[in-house]
1. Among the residues of segment 238-247, is there at least one that is out of contact with any His (no Cβ under 8 Å at 6 or more places or on another chain), at pLDDT 90 or above and part of a loop (DSSP other than H, G, I, E, B)?
2. When you scan segment 184-198, do you find a residue that is within 22 Å of GLU245 (Cα to Cα) and within 18 Å of the chain's Cα centre (by Cα), even just one?
3. Would you point out which residue out of ALA72, ALA65 is over 18 Å from LEU131 (Cα atoms), of a type outside the set (D, E, K, R) and touching a strand residue (DSSP E or B) at 6+ places or on another chain (Cβ under 6 Å)?
4. Taking MET143 as meeting all but one of (1) more than 19 Å from SER170 (Cα to Cα); (2) in a strand (DSSP E or B); (3) hydrophobic (A, V, I, L, M, F, W, C), write down the number of the exception.
5. Applying the selection to segment 75-116, what residues are farther than 23 Å from ARG196 by Cβ, among the hydroxyl-bearing types (Ser, Thr, Tyr), surrounded by fewer than 19 Cβ atoms within 10 Å (Cβ to Cβ) and in contact (Cβ under 8 Å) with a residue 40 or more places away in the chain?
6. Take the residues of segment 8-20 that are of a type in the set (D, E, K, R) and in contact with a Ser or Thr (Cβ under 8 Å, 6 or more places away or on another chain): which is surrounded by the most Cβ atoms within 10 Å (Cβ to Cβ)?
7. For SER232, only one of the following conditions fails: (1) in contact with a Ser or Thr (Cβ under 9 Å, 6 or more places away or on another chain); (2) at pLDDT below 95; (3) surrounded by fewer than 24 Cβ atoms within 10 Å (Cβ to Cβ); (4) on the phi > 0 side of the Ramachandran plot. What is its number?
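The values are calculated or read from the model by the stated rules, or taken from the named source; none is laboratory data. Because the structure is a prediction, the values reported are computed rather than measured. All Cβ positions, glycine included, derive from the backbone under ideal geometry; neighbour counts span all protein chains shown.
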Amino acid sequence: MALTQVSSNKCAGGFQKVFEHDSTELKCKMKFAVFLPPKAETGKCPVFYWLSGLTCTEQNFITKAGSQLAAAEHGIIIVAPDTSPRGCSIEGEDETWDFGTGAGFYVDATQDPWKTNYRMYSYVTEELPKLINSNFPTDPDRMSISGHSMGGHGALICALKNPGKYKAVSAFAPICNPMQCPWGQKAFSGYLGPDRSAWEAYDATVLAGSYSGPQLDILIDQGRDDQFLSASQLLPDNLISVCSEKKIPVVFRLQPVGPCSSSQCLAEEFPPLSFSFCHRTTRNFLRFLHD
């Protein structure tokens, strides 16, 4: 599949690039960002997939998180796709910030008019990895996945639905139980229809309850003062409880300052105070993957 390079910048001894391609899953042009560490010039590298949150694009993580330094040090490729299809001219897709454009929720829609284009789950787990592996010096046996808010939800379900595909999964302020929160209920109703049994395939808490694959290490970071934590949009305790019952290892870190799902974070992915925090967390996680 042909890639068109949109931008390329020297960064941390490697290259931060953005590409565009015609997606077969989403039936539109899609952009993704890829950081190539210096090691990519001489050998294959493990891949860290990052899924951004509501309203974001492929730009947020690469411009806000500062993760390239850690990736360069440990020889890891970072891939950050967009958060939804773009330019599909679907009526209503730009009416609200938490549904439609910028809010694909990493599901494969089954309802009209979304089902033709809004197939972010298959795009992230199938089409994009194949594209990355065929165009860049990757080690496909060493992939990991992470994300923020809606993207944290996406990372969790991708790992839980594909046992053994990802070496580890982490999430910053993830939506952990979307069937039980307003954001998830709105998205699932629109994309998947009224049958709640169909929603279970994209709910991390439900998926954890039936997980039977190899050991999956889960890392969750959450800001203590996140307004959406107190508003029951994220519900990490529900996921942690189920993982405890299933003996799925979870490290949950409640931070006084750090990842959040507030309006500021949704616009910028990470607030200024958490820049260094995000770098440290990403660095530690990338080191775990590399080892």
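1. Yes: one or more hits.
2. No, segment 184-198 contains no residue that is within 22 Å of GLU245 (Cα to Cα) and within 18 Å of the chain's Cα centre (by Cα).
3. Answer to the check: ALA72.
4. Of everything listed in (1) more than 19 Å from SER170 (Cα to Cα); (2) in a strand (DSSP E or B); (3) hydrophobic (A, V, I, L, M, F, W, C), MET143 misses just condition (1).
5. THR116
6. LYS17
7. Failed condition: (1).
Yes/no per residue for (1) outside any strand (DSSP E or B); (2) closer than 19 Å to ASP22 by Cβ; (3) touching a strand residue (DSSP E or B) at 6+ places or on another chain (Cβ under 8 Å):
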| position | (1), (2), (3) |
| --- | --- |
| THR116 | yes, yes, no |
| GLU126 | yes, yes, no |
| GLY147 | no, no, yes |
| TYR166 | yes, no, yes |
